[in-house]
1. State the antiparallel share, in %, of DSSP beta bridges confined to the chain, rounding to the nearest 5.
2. Please say if the stretch 191-304 is rounded, prolate or oblate, where rounded means a/c under 1.5 for a ≥ b ≥ c the square roots of the C-alpha gyration tensor eigenvalues, and otherwise the choice is prolate for a/b larger than b/c and oblate otherwise?
3. Looking at the stretch 69-107, which GluC sites (Glu not before Pro) are DSSP coil and have at most 15 other C-beta atoms within 10 Å of their C-beta?
4. Tally Lys/Arg at +1 and Asp/Glu at -1 over every other residue whose Cβ is under 9 Å from the Cβ of residue 475; what's the total?
5. Say R0 is 22 Å: what FRET efficiency, to the nearest 0.05, do residue 186 and residue 447 get from their beta-carbon distance?
6. Assuming 0.36 nm per residue, please report the length gained on full extension of the stretch residue 333 to residue 104 beyond their Cα-Cα distance.
7. For the stretch 104-236, divide the Cα radius of gyration by the Kirkwood radius and give the resulting Rg/Rh value with two decimals.
8. Show that you can apply the helix-only estimate: for the chain, add -39,500 (n - 2.57) for every DSSP H stretch of four or more residues, divide by all residues, and state [θ] at 222 nm to the nearest 500.
Amino acid sequence: MAHNDKILAASQKHPLVPLERGQLYKYGTAGFRMRADLLEGVAFRVGLLAALRSRKLNSQAIGVMITASHNPAVDNGVKIVDPMGEMLEQDWERLATALVNCPTHEDLVEVYNKLVAELKIDLTIPAKVIYGRDTRPSGHTLVTALADALVAADTEYVDYKILTTPQLHYLVRATNTEGTPSSYGKVSEVGYYEKIASAFVRAMKGRKIDGTLTVDCANGVGGPKLHEFLKYIPKDKVAFDVKVVNDDVLRPEVLNLDCGADFVKTKQRAPPIPKPQPGARTCSFDGDADRLIYYWVDPQTGFFMLDGDRISSLAASFIGDLIESAGLKDDMRIGVVQTAYANGASTNYISQHLKLKVICTPTGVKHLHHVAQGFDIGVYFEANGHGTVLFSPDALNAFRDTKPQSPAQKDALDTLAALGDLINQTVGDALSDMLMVEVILAHKNWTLRDWAMTYTDLPNRLVRVEVADKDLFETTDAERRLSKPSGAQEEIDEAVKKYKDARSFARASGTENACRVYAEAATRSEANELADRVVRVIERYGSSQ
Ligand code: G16
């Protein structure tokens, strides 16, 4: 059968469900994400686009991840991963949106061919796509649609079955660098565990981890994968006592339910199950294990959270010190990338105390990652715990090739080189970030309380607001201000003026059908009051059109 006929026939098996009120499917903050029953046709069309992208990039492997991460169990999502394990290039998000929204199967074939012609894609060269999914049962239907598209588009594929999102990103990069001087690691899930476990042992170098770490896995894919990973840590080299909780992936309805990183961050409290143990060092992953939040419940003062901003400042300060001890201070530009959600106190601490450059980007790790690549060492974390640390090739070479003049300098260089392997260079990774935090705490001999003492957060509140049409809200200035609907920003400004050290903004979520409001102020009650005021503004403007 001819290429076009095969695509037409396969597409008929996976029709697109028209959205209410003629709305379009949109490639959002993290791909297409919505109720799973709307996504079968989308997954098929994303498969076609991934095949085109592979051919456009000279047959390099492209990744597709089926996950809705922190969203409730009924949702799912589809996102594309570029050859070095990065998020899909933004120009292609537009193409994805165009291809996915074709109203008929015939239109789909026509737009597909238009893209082939416009992008000068050679359909005769090989294409390769690799994919994985989280534990949502709906993932099965979606990968079937995806695979049908790949077969129709004469594309080789590898189904890695159930993976965390960062594992898929790792595999994409490992596949495309295999056998080259920049090989990222063995092309298998085991290769991922081996690489990280060995780097963890090297980075610890005899330091001791204090007590047990409890890890809440949001009842998502992070649970089984963490259990698996722990088998790769040699007990005689590092004693790492981990208690894995909320690791039930057999009851799909409990995924992200009252647990996980998003719950902890937005509710600012520990998951009720299992009952929090006073003083226990605890962290939470999200549903696909790319976000990480630390916390403990203090017997005296109650819940205390160490979020993405704290992880970012901890990493930046530790790596900054190592760079100095390694004698590389004058050669390395270190920068920190945050979003508008970053607590103002963290931005001050990083820029004024650590004296590092801070850049603010719109939400979405794709934006932060891109800016972080402009530094020799780019530390990027969203406040929600999504992030990583990027090392440039020059930095990695310097860690390896610099001749140490003292044992202290050698120790710093070795630790930096180990961190380069430990920290996922493709995307935020809860497992690898957690190991990084454990390494830093062990080196500093710090408890969570010591870490928390570095600065004091401004009280803040994050609220999810349901509105009739979130697309009415458009932002500017790295999402710190609303440009639409007209008048809304002025009202937010008026509300902010009433409080001390206050800041607030609102934006449409790119992963949920809602807006988000963030507010911070000098006291908890002021932050809450300000958030309530801004929520009312958003509700009013969101329903008035
Ligand atoms: C995704 C993105 C993150 C973003 C989050 C929330 O995370 O990868 O960069 O912060 O969505 O985005 P929004 O506020 O636009 O809904 P995840 O962990 O859900 O994939």
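Quick note: the coordinates plus some simple rules give every number you see, no bench work behind them. Everything quoted here is computed from the prediction, not taken from an experiment. Cβ coordinates were reconstructed from backbone atoms using ideal geometry, including for glycine residues, and neighbour counts include every protein chain displayed.
1. Values: 40 of 69 bridges.
Approximately 60 percent, going by the DSSP bridge assignments.
2. Numbers: a/c = 2.28, a/b = 1.32, b/c = 1.73.
Taking the square roots of the gyration eigenvalues as a ≥ b ≥ c, the stretch 191-304 is oblate.
3. Values: sites: 86, 89, 93, 106; in loops: 86, 89.
Here the sparse-neighbourhood loop sites are 89.
4. On the way: positive: 480, 481, 484, 507; negative: 474, 477, 479.
Every neighbour counted, the sum reads +1.
5. 0.05
6. Numbers: separation 229, 0.36 × 229 = 82.44 nm, distance 5.09 nm.
Gain on extension, residue 333 to residue 104, equals 77.4 nm.
7. Working: Rg = 19.7 Å, Rh = 18.0 Å.
Value, to two decimals: 1.09.
8. Details: 18 runs with 218 residues, N = 545.
Value at 222 nm, helices only, nearest 500: -12500 deg cm²/dmol.
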